[in-house]
């Protein structure tokens, strides 16, 4: 399944969804739920676009200390585990 067109618009890459990796609920009091659906995608074409959305790809041990899209350090580590082990089941919190 192709990833949303916004990925291509923002990065320049065409991608395909491989797996739903995680569903995180970032509940905010009193009754607001903000869900993050995280997909593992594969680059299938295109080339890097000049964008203020994506500057570079980073290795796990070389992540910059900038805003992390609302994910915790544990969640980011878990996403790298999914990258290393594609047979892991989807995470839900």
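In the stretch 25-45, of all residues being surrounded by 11 or more Cβ atoms within 10 Å (Cβ to Cβ) and at pLDDT 90 or above, the one that is farthest from residue 90 (Cα to Cα) corresponds to 44.
Picking from residues in the stretch 46-70 that are farther than 19 Å from residue 5 by Cα and in contact with a helix residue (DSSP H, G or I) (Cβ under 8 Å, 6 or more places away or on another chain), the one that is modelled with the highest pLDDT is 60.
Among the residues making up the stretch 3-39, those that are assigned to a strand (DSSP E or B) and in contact (Cβ under 8 Å) with a residue 40 or more places away in the chain are 18, 19, 20, 21, 22, 23, 24, 25, 38.
The values are calculated or read from the model by the stated rules, or taken from the named source; none is laboratory data. Since the structure is predicted, the reported quantities are computational estimates derived from the model, not experimental observations. Neighbour counts are summed over all protein chains in view; Cβ atoms, including those assigned to glycine, are modelled from backbone coordinates with ideal geometry.
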